[in-house]
Amino acid sequence: MQVSRGKIVKVVKFGGSSVATGACFETVKNIVEADPARALVVVSAPGKRFSADIKVTDLLYLLRAHIKYNAPYDEILAKIKTRYYEICADCNIDNILEDDFKEFESKLNKKTSVDYIVSRGEYWCAKIMAKYLGYTFVDSADWLVFNYNGRVNLEASYQNLAKIAETAQRIVFPGFYGAMPDGNIKTFSRGGSDITGSLVAAALNVTAYENWTDVSGILAADPRIVENPRPIDRVTFSELRELSYMGAEVLHEEAVFPVRNKNIPLYIKNTKDINAPGTLIMEDFDEDRTEQAKIRPITGISGRKHYSIITISKSRMDEEPGCIRKVLAIFEANEINVEQVPCSIDTFSVIVAGDALDDKLHAIITRIEQEIQPDSIKITNDISLIAVVGRNLTENIGIAGKIFTALGENGINIRVISQGSDEVNIIIGVDDINYKKAIRVLHDF
Ligand code: ASP
């Protein structure tokens, strides 16, 4: 493969719902064959065929639990195998997995690693897909290597894959896993096939990474809250990071880093609506910011509920350096991630996810009292943080004022305001009961 010599090559990754049935495989084939550049395919394990269905990966976790607790597992195993038999039959290809299934079954015992068991969902799927497309199957354990600390060894992985790509031109890879230095299988966290796709793209420096899923790109707000939210046609990596951190779920959070480092454009596309434009994600766009700001100052809105605000007051705190540091150190010692720290002269607040506090709250309060002897500590629970994200926010004078007016006119009390230092987002805190209403107001704004 000569990607570096100007050849157009794309990585196409298909998520579980895009490889759930034989009919889905046919759609994948149509997509792949529609563009000769789609030479590198990454697949997840077959996902749900209907809403009450169970994903193959979940069945594999269940299988492992049965083995671990000595419960009979024949039925689950049969269910898993049937998913693949049905796909082969629907795609009119021979069942090529018999030997793999035999090997798998022979390895099953209480000590079999969970990562090995669940990784087979992707492994088998990629084998069938390779056969169906007439592509070469490459096991991700043969190139994607982790260090013992659990991080991907990028240098070794990229080198391994570049070598493989010298001889194979059109490849299908299983997503979700690689190998530890001792050869044992290691998986990413759930949804990790997105990362595999990104690593293949970065390793071979391809033209584009297309991530095919079952939604038409990234939406400007959660469709469970806003009816028909606007699709986002273009979003920068920084905006996407803000949106995903605050709850928007389209891509695995870690999937952006490999392609971002190599400046490879990432597309989110929909297998169920092939012609929909989807979303293009890039480092930056060549666009007139001022013009764009007038058309669309806000790219998207996302948020999360159930935060707690711990407000600490102490008169003349401004004359006592170190107060905030001492308090933050207490949260750090308790391994609690601090989201925001709004400050005034004699008061500051620490905002954290409510469930992180659960059984640690009393210990933390006691420690703060010992450390800085505050006048008062007040806890406010059930707060939502909403991120209004937009690369053009800075170009739009008065946008913050307009946002607050819109919320005020709709009777929504703002409890926290904070603008990110890169000015890509404005964070607004409201009571949980106003969460959905605030998102709707901001989307229609
Ligand atoms: N099959 C794995 C999961 O369900 C990985 C993936 O789909 O990306 O999480």
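The values are calculated or read from the model by the stated rules, or taken from the named source; none is laboratory data. In this text, all values refer to a predicted model and were calculated from it rather than measured experimentally. For neighbour counting, all protein chains shown are included, and Cβ atoms are generated from backbone atoms with ideal geometry for every residue, glycine included.
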Please go through the range 347-370 and pick out each residue that is surrounded by 15 or more Cβ atoms within 10 Å (Cβ to Cβ) and over 22 Å from residue 386 (Cβ atoms).
347, 360, 361, 364, 365, 367, 368
Residue hits (the range 185-211; more than 16 Å from the ligand (Cβ to nearest atom) and under 14 Å from residue 152 (Cα atoms)) are 202, 203
Residues (touching a residue at least 12 places away in the same chain (Cβ under 8 Å), surrounded by fewer than 22 Cβ atoms within 10 Å (Cβ to Cβ) and near the ligand (Cβ under 10 Å from one of its atoms)) located in the range 49-59
55
Quick check, is residue 156 away from the ligand (no atom under 12 Å from the Cβ) and surrounded by fewer than 19 Cβ atoms within 10 Å (Cβ to Cβ)?
yes
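Looking at the range 228-316, what helices (runs of 4 or more DSSP H) fall wholly within it and have at least 3 residues that are touching a residue at least 60 places away in the same chain (Cβ under 8 Å) and crowded, with 17+ Cβ neighbours inside 10 Å? Let's see the steps before the verdict.
Details: elements: 237-245, 256-261, 289-295.
Once the helices (runs of 4 or more DSSP H) in the range 228-316 are filtered for at least 3 residues that are touching a residue at least 60 places away in the same chain (Cβ under 8 Å) and crowded, with 17+ Cβ neighbours inside 10 Å, what remains is 237-245.
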So the check is Cβ under 6 Å with 6+ separation or different chains; which pairs have a first residue in the range 16-36 that's surrounded by fewer than 23 Cβ atoms within 10 Å (Cβ to Cβ) and a second one that's β-branched (Val, Ile, Thr)?
22/87; 27/271
Residue ID - surrounded by the most Cβ atoms within 10 Å (Cβ to Cβ), chosen from residues in the range 161-191 that are free of Cβ contacts under 8 Å to residues at least 40 places away in the same chain and either of a type in the set (Phe, Trp, Tyr) or more than 18 Å from residue 257 (Cβ to Cβ) (or both)
179
Take the range 391-406 and flag every residue that is closer than 14 Å to residue 442 by Cβ, crowded, with 21+ Cβ neighbours inside 10 Å and out of contact with any Asp or Glu (no Cβ under 7 Å at 6 or more places or on another chain).
403
Tally, over the range 410-445, of residues that are over 20 Å from residue 396 (Cα atoms), free of Cβ contacts under 8 Å to residues at least 60 places away in the same chain and not aliphatic (A, V, I, L, M):
6
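Here's the yes/no breakdown for (1) polar (S, T, N, Q); (2) modelled with pLDDT of 95 or more; (3) not in a loop (DSSP other than H, G, I, E, B):
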{"residue": "25", "(1), (2), (3)": "no, yes, yes"}
{"residue": "30", "(1), (2), (3)": "yes, yes, yes"}
{"residue": "93", "(1), (2), (3)": "no, no, no"}
{"residue": "106", "(1), (2), (3)": "yes, yes, yes"}
